[in-house]
Amino acid sequence: MDDLADLYQEIILAHNKRPHNEGILDPRTHDAEGYNPLCGDRLVIHARQDPAGKLEAVQFSGEGCAISRASASMMTDAVKGLSGDELRKKAQQILEYLTAREAPPALDLAEYGDLAALSGVRKFPARIKCATLAWHTLLAALAGKEQVSTEEA
Amino acid sequence: MVEAPPIMDVDTVRAQFPILSRSVNGKPLVYLDNAATTQKPQAVIDTVSHFYAHENANIHRGVHYLSMNATDAYDRARATIARALNAEFEQEIIFTRGTTESINLVAHSFGARLQPGDEILITKLEHHANIVPWQILAEERGLTLRWADVTPSGEVDLDSFQSLLSEKTKLAAFNHVSNALGTINPVKEMTRLAKAAGATVLVDGAQGPPHLLVDVRDIGCDFYALSGHKVFGPDGIGVLYGRHELLETMPPYQGGGDMIERVTMEKTTFRGLPERFEAGTPNISGAIGLGAAFDYLQSLGWEEFHAHEQALLKRATERLSEIKGLTIHGTAPEKVAVVSFTMDGIHPHDIGTILDTRGVAIRAGHHCTQPLMTHFGFTGTARASFAFYNTLAEVDQLVEAIQVVHQYFS
Ligand SMILES: Cc1ncc(COP(=O)(O)O)c(C=O)c1O
């Protein structure tokens with residue numbers, strides 16, 4: 001029961017219901033489609049970098065479960081204004097936080113805010129890919145890849 | 001007055017399936033993922049373990065006692081399955097790894113005779129296992145793949161099916177029962193229509209024998225494919241039934257030991273049926289276990305079995321229909337006990353995860369039927385699929401678990 005309450009924290013449910021930055025960003029410099037062949041869900045990430053490589057805005061579209069939508073929504077908030085290096089560092093920390101075999105590195109709440117609510121996903125191994133999809137897709141978009149699948153990551 | 005069918009003693013039946021008494025996530029297991037795989041009765045488990053403990057040897061190779069004994073047991077399993085499906089000859093039962101391999105065998109060995117411009121007719125209701133082999137074959141040989149439509153209730157649209165048949169149709173392939181929606185297809189009628197057009201017919205029977213008595217000669221099909229693990233038998237074993245006149249004209253599927261008559265450096269001649277299609281050491285314990293599964297099924301009274309499953313379907317359909325915001329997909333009048341559903345604004349995976357914490361195992365996703373899901377305009381459904389060992393109380397547990405979904409997502 002408590003595991004479930006941990007997974008579907010208020011913050012996650014709120015982001016799922018009223019996601020931030022859902023839509024097709026225009027204008028944009030990068031797009032990529034993240035695909036989960038196991039469930040058939042598709043998440044598209046749209047991003048705009050300024051000439052210096054700073055992320056001006058990120059939006060997402062597509063279909064997904066509560067976890068993947070909430071994760072995408074929170075990510076779009078968290079990455080705004082980051083340089084390419086900062087983004088890669090943050091993505092790596094989040095991905096490690098979600099997938100580390102042993103106890104995950106603690107996330108600094110002040111820095112990560114809502115994203116820390118993803119902690120409950122770790123107890124549901126079948127759902128971890130739902131949470132990582134947005135991040136993999138954003139990294140792929142910025143690397144100039146148009147498609148990425150949960151089964152290659 | 002019509003006599004009511006005898007009532008199945010579900011408790012006694014459940015006691016024969018050891019896994020059904022375990023718990024999951026601290027709750028008694030409610031196993032409603034039978035379309036993915038079924039649980040195994042003690043009789044099957046014992047047969048397989050007895051084989052390894054007392055009878056293990058390779059078949060067809062030895063002059064020694066154990067080998068001859070294992071060969072006998074393997075052949076007896078074939079005979080049991082031939083009788084269960086009402087095949088004319090035992091040699092018409094080819095052991096494979098499962099439905100997927102059975103279909104691929106036909107695509108390879110029957111497909112070898114198809115010519116550019118020939119057509120294969122399937123339906124939008126198919127599992128990927130009955131789509132992808134034909135797409136690959138069509139690509140290789142320049143064939144056209146045609147898709148019969150489905151109706152809003154999830155049945156094959158027979159007018160569409162019939163209108164796509166022509167003298168170009170060399171093969172029609174369709175499932176007996178839809179794994180995604182539970183629809184029982186009128187396979188006898190579809191076979192008749194396809195044969196009238198001159199086509200060869202393959203029935204994907206993965207979901208047939210778990211719920212229905214199958215008579216391949218009554219259906220009239222040329223091929224019938226099934227998987228052991230879906231009929232309460234082991235995994236890694238399955239069957240391709242093929243009409244012997246047709247099998248005899250088909251080239252081998254794989255080359256190797258056991259399927260040859262004589263090998264010289266210049267040329268090899270092949271054995272007859274069924275060995276020609278069973279290269280290499282087969283899944284011997286699996287075949288024997290599958291024979292035990294069919295024996296077990298036959299020990300259950302068919303009428304009670306059928307009536308019980310239909311009662312489960314009725315109760316599940318009624319109770320789920322009462323839930324606000326829940327839509328059942330697949331409302332054909334002829335169905336097995338499978339209920340596929342979606343809930344407004346709630347993703348099937350979230351439903352699956354929440355049900356799992358209540359011990360209720362269902363499947364969430366596209367069920368390997370993406371063209372069907374796309375046709376209906378969603379990426380997936382939640383699916384509760386029942387077997388004869390499920391109880392009416394478990395339907396209620398499913399419904400209670402769905403109430404928890406509402407607690408989180410309302
Ligand atoms: C209708 C249908 N066809 C084919 C298959 C493939 O069976 P297997 O994976 O056992 O080869 C399945 C399994 O889900 C099925 O339900």
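The values are calculated or read from the model by the stated rules, or taken from the named source; none is laboratory data. Owing to the predicted nature of the structure, the values given are computational and were not obtained by experimental measurement. All Cβ positions, even for glycine, are placed from backbone atoms using ideal geometry, and neighbour counts span all protein chains on display. Areas reflect the complete protein model, heavy atoms only, side chains present, ligands, DNA and RNA absent. Shrake-Rupley method; radii C 1.70, N 1.55, O 1.52, S 1.80 Å.
Plainly put, chain A has a radius of gyration that is 0.94 times its Kirkwood radius, both from alpha-carbon atoms, as the Rg/Rh ratio.
When the Cα convex hull of region B:204-330 is projected onto planes of every orientation, the mean area is 11.0 nm².
Normalised by 2.2 N^0.38 Å, where N is the number of residues, the C-alpha radius of gyration of region B:96-232 stands at 0.96. Cut-off under 18 Å on the C-alpha distance; same-chain residues fewer than 8 positions from A:K89 excluded. Which aspartates and glutamates are left, in chain and number order? Within the straight-line cut-off, A:K89 pairs with A:E56, A:D77, A:D108, A:E111, A:D114. Magnitude of the charge dipole for region B:273-410, about its Cα centre and with charges confined to Cβ atoms of Lys, Arg (+1) and Asp, Glu (-1), is about 320 debye. Taking a sphere under 14 Å around the Cβ of B:T369 and counting the other residues whose Cβ falls inside, with K and R at +1 and D and E at -1, yields a net charge of +1. Can you give the log10 of the normalised intensity I(q)/I(0) at q = 0.07, 0.09, 0.12, 0.16 Å⁻¹, computed with Debye over equal Cα scatterers of region B:46-298? Here the Debye-derived log intensity ratios amount to -0.24, -0.39, -0.69, -1.15. Amide hydrogen proximity for B:R146: with H placed 1.01 Å from N in the peptide plane, the residues at 5 or more positions away or on another chain lying under 5 Å are B:I120, B:L121, B:I122. Within region B:1-126, the proportion of Cα pairs with more than 17 Å between them is 78 percent.
Protein heavy-atom accessible surface, 1.4 Å probe, per residue over the protein assembly as shown: 43 Å². Count Lys and Arg as plus one, Asp and Glu as minus one, and take only other residues whose Cβ is under 14 Å from that of A:R18; the net charge is then -2. With no solvent and one point on each alpha carbon, what is the Debye value of log10 I(q)/I(0) for region B:225-284 at q = 0.13, 0.24 Å⁻¹? Log10 I(q)/I(0), no solvent term: -0.41, -1.02. Atom-type composition of the exposed protein surface of chain B places 52 percent of the accessible area on carbon and sulfur (1.4 angstrom probe).
Which net charge results for the neighbourhood of B:I237, defined as the other residues with beta-carbon distances under 14 angstrom from its beta-carbon, given Lys and Arg at +1 and Asp and Glu at -1?
+1
Using a Gaussian network for chain B with springs between C-alpha atoms less than 10 Å apart, which of these wobbles most: B:L246, B:L226, B:L171? Its mean-square fluctuation being the largest, the pick is B:L246. Subtracting the Cα-Cα distance of B:I136 and B:A36 from 0.36 nm times their residue separation leaves 33.6 nm of extension gain. Specify the residue with the greatest mean-square fluctuation among A:E63, A:E111, A:E33, computed from a Gaussian network of chain A linking alpha-carbon atoms under 10 Å apart. Result: A:E111 has the largest fluctuation of those listed. Summary value for region B:86-155: 33 percent relative contact order, contacts being C-alpha pairs under 8 angstrom separated by 6+ residues. Between the alpha-carbon centres of region A:20-48 and region B:266-344 there is a gap of 38 Å.
Helix-only arithmetic for chain B: the sum of -39500 (n - 2.57) across DSSP H runs with n ≥ 4, divided by the residue total, places the mean residue ellipticity at 222 nm at -11000 deg cm²/dmol. The sum of -39500 (n - 2.57) across all DSSP H runs of n ≥ 4, divided by the residue count of chain A, sets its helix-only mean residue ellipticity at 222 nm to -12000 deg cm²/dmol.
Scaling against 2.2 N^0.38 Å puts the C-alpha radius of gyration of the protein assembly as shown at 1.08.
Toward the positive end of the charge dipole of the protein assembly as shown, with +1 on the Cβ of Lys and Arg and -1 on the Cβ of Asp and Glu, the farthest Cα among B:P371, B:I7, B:A199 is that of B:P371. Distance distribution P(r), region B:285-410, all Cα-Cα pairs, bin width 10 angstrom from 0: 12, 39, 31, 15, 3, 0 percent. On C-alpha positions alone, give me the angle between the axis of helix B:65-85 and the longest principal axis of chain B, in degrees, nearest 10. Helix B:65-85 and the main axis of chain B meet at about 60 degrees. For region B:244-278, trypsin sites (Lys or Arg not before Pro) are listed when DSSP marks them as loop and at most 11 other Cβ atoms sit within 10 Å of their Cβ; the list is B:K267.
Using alpha-carbon pairs under 8 Å, 6+ residues apart, how would you state the relative contact order of region B:1-160 in percent?
Over region B:1-160, the number comes to 11 percent.
GNM remark for chain A: springs join alpha carbons under 10 Å apart, and the peak mean-square fluctuation among A:C39, A:C65, A:C130 falls on A:C39.
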